[in-house]
Amino acid sequence: MFNVFIGTKIKVIDNSGVFLSECIEIYRSSKYFGAGVGNLILVTVKKVAPNKKIKKGNLCKAVVVRAKKFITRSGGQQIMLSDNAIILLHNNTLLPRAKRCKTPLLEELRFSFLNGLKVLSLAPVVL
């Protein structure tokens, strides 16, 4: 219900200089159910800091690191996060563009994404 769908405006939480982006395609998932934590999406840049490599209107691949939907862990705990957030990736290598992440990330990224450990290494805390 609160997953990332096509047309959703999403906050970017790395230090690449991008503040806001919009989802335009979802890879390896149904467009009817949306993208959850760990899914790969294609975004267009909407709001960016001045004097950065990435410009407004660029297309970038990204991984969803926070979604407003409940996440059920193996012990039966349910976690609900407050907003949707992504981290931008290089288009051909799928490695993170930035060197740091501003907020904690979820442990589910480790197994749900190809370079999940690399993305988790950017975070200050893993929940």
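Where a number appears in this text, it was derived from the coordinates with a stated rule and is not lab data. All values reported here derive from a predicted model rather than from experimental measurement. Every residue, glycine among them, receives a Cβ derived from its backbone with ideal geometry; neighbour counts consider all protein chains shown.
Number of residues in the range 32-55 that are within 18 Å of Asn115 (Cα to Cα), among the β-branched types (Val, Ile, Thr) and out of contact with any Asp or Glu (no Cβ under 6 Å at 6 or more places or on another chain): the value is 1. Being more than 16 Å from the chain's Cα centre (by Cα), of a type in the set (S, T, N, Q) and either within 26 Å of Lys99 (Cβ to Cβ) or surrounded by fewer than 13 Cβ atoms within 10 Å (Cβ to Cβ) (or both) holds for only one residue in Ser74, Ser82, Ser16, Ser21, and it is Ser74.
Restricting attention to the range 1-10 and to residues that are surrounded by fewer than 16 Cβ atoms within 10 Å (Cβ to Cβ) and touching a residue at least 40 places away in the same chain (Cβ under 8 Å), the residue that is farthest from Cys60 (Cα to Cα) turns out to be Met1. If a residue has to be closer than 21 Å to Lys53 by Cα and in contact with a Cys (Cβ under 7 Å, 6 or more places away or on another chain) to count, how many in the range 3-37 make the cut? Here the count works out to 3.
Within the range 83-99, being part of a loop (DSSP other than H, G, I, E, B) and not polar (S, T, N, Q) holds for Asp83, His90, Leu94, Leu95, Arg97, Ala98, Lys99.
Apart from one condition, Leu122 fits all of (1) outside any loop (DSSP other than H, G, I, E, B); (2) of a type outside the set (S, T, N, Q); (3) in contact with a strand residue (DSSP E or B) (Cβ under 7 Å, 6 or more places away or on another chain); (4) over 22 Å from Thr8 (Cβ atoms); the exception is (1). Just one of (1) touching a residue at least 40 places away in the same chain (Cβ under 8 Å); (2) at positive phi; (3) among the basic types (Lys, Arg) fails for Arg28. It is (1). Restricting the first member to the range 91-105 and to residues that are over 21 Å from Phe19 (Cβ atoms), and the second to residues that are in a loop (DSSP other than H, G, I, E, B), the beta-carbon pairs closer than 9 Å and six or more apart or on different chains are Thr93/Asn115; Leu94/Phe113; Leu94/Leu114; Leu94/Asn115; Leu95/Asn115.
Filter the range 91-127 for residues that are closer than 23 Å to Glu25 by Cα, exposed (fewer than 12 other Cβ atoms within 10 Å of the Cβ) and more than 13 Å from the chain's Cα centre (by Cα) and give the result. Across the range 91-127, the qualifying residues are Asn92, Thr93, Phe111.
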